[in-house]
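Reading through the structure tokens given below for one structure.
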Amino acid sequence: MIKLSFIELRDRKLEKLVPGYGYLTRLICNTKLKTLNGWTKSYDAIIDTGAHISIIPLEIWQDLETKIFADYYVRGLSPNKECYVNIKVAKVKLVIFDESGNRTPELEIFAYLALDEGIPLILGFKTLLDEFKICFDHKDNKAWLE
């Protein structure tokens, strides 16, 4: 079992428009990614059960050990081409761990490598979240991977 955590973020602009809206909640894990010379520092990654694949920001993946397969793009809710984010489809290696020393084995996953700055590190289903049981109870502030 690997412990996960929640973070709560405030969107002050939204709160001004909708008083009492409250926080935005994210489920977070600790991860390290494999480089040609070892492992990266620890990064907080958003566990996104609505994401079909993981996405890694430019500032992280440039030094990773990768197998790049194709150039492509990803889009969110909008079908407009100006909303596309250019990516590379690749495989990377990573581990997920917690403060108690629990960790996954080294995992090789498909991921999108973002070509734009400012994209968050997101862990999605393809070859990653579909390998684990994810349990979370935000009300009691408990979350873990099995």
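Derivation of every value follows stated rules applied to the coordinates shown; laboratory data play no part. What you see is a predicted model; the values in this text were computed from it and never measured. Here the Cβ positions follow ideal geometry from the backbone for every residue, glycine too, while neighbour counts run over all protein chains shown.
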Do you know the relative contact order of the chain, to the nearest whole percent, from alpha carbon pairs under 8 angstrom that are 6+ apart? 29
Global geometry of the chain, whether rounded, prolate or oblate, following the gyration tensor of its Cα atoms and the 1.5 cut on a/c: oblate
Once phi is turned into ³J(HN,Hα) by the Karplus curve 6.51 cos²θ - 1.76 cosθ + 1.60 with θ = phi - 60°, what whole-Hz value does each residue of region 95-103 show in order, with x for glycine and proline? 10, 10, 8, 10, 5, 7, x, 6, 7
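Note the full-extension length gain between LYS3 and ASN141 as 0.36 nm times their separation in residues minus their Cα-Cα distance, in nm to one decimal.
Extending this stretch completely gives an extra 48.6 nm.
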Could you give the size of the charge dipole of region 58-117 about its Cα centre, using +1 on the Cβ of each K and R and -1 on the Cβ of each D and E, expressed in debye and rounded to the nearest 20? 340
XL table LYS34/LYS126; LYS16/LYS126; LYS13/LYS133; LYS67/LYS142; Cα-Cα > 26 Å flagged, in table order, is LYS16/LYS126; LYS13/LYS133; LYS67/LYS142
Can you give the net charge of the other residues whose Cβ lies under 13 Å from the Cβ of LEU58, counting K and R as +1 and D and E as -1? -3
From the square roots a ≥ b ≥ c of the eigenvalues of the alpha-carbon gyration tensor of region 35-121, which class results: rounded (a/c under 1.5), prolate (a/b over b/c), or oblate? prolate
Order by neighbour count: ARG26, ARG12, fewest other Cβ atoms within 10 Å first, most last. ARG12, ARG26
Which value at 222 nm does the chain reach when only helices count, each DSSP H run of 4 or more adding -39,500 (n - 2.57), with the total divided by all residues and rounded to the nearest 500 deg cm²/dmol? -1500 deg cm²/dmol
Taking the Cα centre of the chain as origin and charging only Cβ (+1 Lys, Arg; -1 Asp, Glu), how large is the dipole, in debye to the nearest 20? 140
What are the ³J(HN,Hα) couplings of region 123-139, residue after residue, when phi is run through the Karplus curve with 6.51, -1.76, 1.60 and θ = phi - 60°? Round to Hz, x for glycine and proline. 9, x, 6, 3, 6, 9, 5, 6, 8, 10, 8, 9, 10, 8, 9, 4, 4
